[in-house]
Amino acid sequence: MNTERAATPSILPTHVRTLVVGAGFAGLAIAARLLRADRSADVLVIERAADVGGTWRDNTYPGCACDVPTSLYSFSFAPSPDWSHTFARQPEIHAYLRKTAAENGIRDRLVTGCELVSADWDEATARWRVRTSLGELTAQVLVAATGALSTPRLPDVPGIGDFGGTMFHSATWDHDCDLRGKRVAVVGTGASAVQFVPEIVDAAERVTVFQRTPAWVIPRPDRTLTRVEKWLYRRIPLTQKAVRASVYAYRETYVVGMTKAPQVLKASELMARAHLRRQVPGRDLRRKLTPGYRITCKRVLLSNDWLRTLARPDVEVVDSGLTRVTERGVVDGSGAERVVDVIIFATGFSPTEPPVASQLRGRDGRTLAAHWSGSPAAYLGTTIAGFPNLFMMYGPNTNLGHSSIVYMLESQAAYIDGALAHLASGDAVGLEVRPEVQARYNTSISGLLRRTVWNTGGCASWYLDSNGRNSVMWPTFTFRFRARTKRFDAENYQSVGIGAADDAAEAAWS
Ligand code: NAP
């Protein structure tokens, strides 16, 4: 344990071995991994908000729930027999993350209300010099666990500042805004909108939904867990493990359709079309809601009531686009204005331009955003040439369309743990992935992505960055990622900082 560390966790130490930025699923995955291996590991987690939980703390919109089965969307090292539903609701997931943080000793290593301002790699001392809203510190290793879906994006339409009513983004829901009897415009029809629109229509006077691209929607096989299941999970934990394994295995079969044989996806399209026919009787509306691209090209939406809701007489679907916001309302593509009291933006996030990339400066003094210039790239979605001792959770090309991101995060955590062990055992104070290794890796990833449904399915999605490169999706089975990250492959890294670090710094790391 580093002696430079202050005794009180609420005050920043001057130096820490591992600094984790962010306490969502990703930050908790790596912190728990390090602390489970060694309760006295020198790790500090900083979190800009007042609590842990990341996206599951921030997104509190009505109906917010996970659309991946909870048996899989939870930590393998922290099974819970208490989930109420097969697809857990947001408050339950947030409570689970708080409990996991407490049970794994992370609360004692956590400083909340502490926002990263910048982090610069200092070649002379081979440390990260970190500035935060609560002061400065140095770190040997920096783990960016800042989330891909943490910064809300608003549409770039004129007049947004002129609106005289109430306006908010789905990720920062305004719970003081009473929607009863209000005329509401909802912009966006993604995974968030499908969850909250059915929840607000009964209260609102009418709801106008601005749809840019129709989504493929399939039923969500959600149900409450029975007392017998909970009893079994508590008494015979192997049963819960078996359920998790079977959900995992079943979901991996989707990869075949998404990456190798798109014709296999036809069956899912037929299922989605049948769902649409069952829920929407009107032919015109059905036509509006029928996607013109291959299923899974964009994220498939799971809902039992979204399509039915859109068919209600007090709900209107506008598909000519939102062109302008005025003081009184919203203007569609035909120039018609609708007067509304509230606008809710369900327009998503900017995962390919994460703000943290502008805050990190590598060996050459340039920011990560400058290195990337619109196309995020890393090695194993985790390490980046030119940025020694930086590890990124949920980095480039680690997102999934079919399974649980928690599986990927735990794989990354194991890899980072291996890198830290390597650092501790050798004489290197810094590790940097070799540029040619990163380049080769990304060439192979791009090659694998070329034929996938995300690149060829005929849709525009946030999987493709501003240069048109798919820098978001993992292109094959997730067990391949697990296999690649199981062992830290030191041979693909160069040591940095040997001889450059001053004696005092080296003493602090030993
Ligand atoms: P999203 O999937 O990015 O959807 C944004 C929606 O806004 C899309 O329908 C998009 O249309 C629309 N949009 C964006 N700009 C627009 C504009 N200028 N005018 C009109 N429409 C516009 O965002 P999200 O629904 O918040 O979900 C984000 C991600 O969060 C999801 O993909 C998922 O990974 C995650 N999420 C997960 C869960 C879960 O249960 N696990 C729940 C919610 C969200 P286009 O389709 O045309 O771009």
- line: If exposed means GluC sites (Glu not before Pro) lying in a DSSP loop and surrounded by at most 15 other beta carbons within 10 Å, then the longest stretch of the chain lacking such sites spans residues 328-510
Tilt relative to the chain, helix 237-252 - C-alpha long axis, 0 to 90 degrees, to 10: 70
message: What is the sum of charges, Lys and Arg at +1 and Asp and Glu at -1, for the other residues whose Cβ falls under 11 Å from the Cβ of residue 210?
response: -1
statement: Counted neighbours (other Cβ, 10 Å), sorted fewest up, put 12, 390 in the order 12, 390
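Given the chain, what percent of its DSSP beta bridges are antiparallel, to the nearest 5?
Once the DSSP bridges in the chain are tallied, antiparallel ones form about 40 percent.
What ranking of 260, 298, 182 emerges when the number of other C-beta atoms within 10 Å of each C-beta is taken as an exposure proxy, fewest first? Mind dumping the intermediate values first?
On the way: 260 13, 298 24, 182 18.
By the 10 Å Cβ count, ascending: 260, 182, 298.
Please order 46, 200 by the number of other Cβ within 10 Å, starting at the fewest.
Ordered by Cβ neighbours within 10 Å, fewest first: 200, 46.
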statement: Cβ-Cβ cut-off under 15 Å around residue 147, Lys and Arg +1, Asp and Glu -1: the net charge is -2
- prompt: Taking Cα atoms, how many degrees apart are the long axis of helix 266-279 and the longest axis of the chain, rounded to 10 and kept between 0 and 90?
  reply: 50
message: How much length would be gained if the chain were fully extended between residue 487 and residue 253, taking 0.36 nm per residue of separation minus their Cα-Cα distance, in nm to one decimal?
response: 81.7 nm
message: Counting only other residues whose beta carbon sits under 13 Å from that of residue 87, what net charge do I get with K and R as +1, D and E as -1?
response: 0
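For the pairs 182/266; 182/288; 230/266, flag any whose C-alpha to C-alpha distance is greater than 30 Å.
Going by Cα-Cα distance, 182/266; 230/266 fall outside the 30 Å limit.
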- request: Mind pulling the angle between the C-alpha long axis of helix 405-425 and the longest principal axis of the chain? Nearest 10 degrees, somewhere in 0 to 90.
  value: 10
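Since every read-out is calculated from the coordinates, none of them should be taken as a lab result. Every value quoted in this text rests on a predicted model; they were computed, and no experiment measured them. A quick note on method: Cβ atoms are made from the backbone with ideal geometry, for glycine too, and the neighbour counts reach across all protein chains shown.
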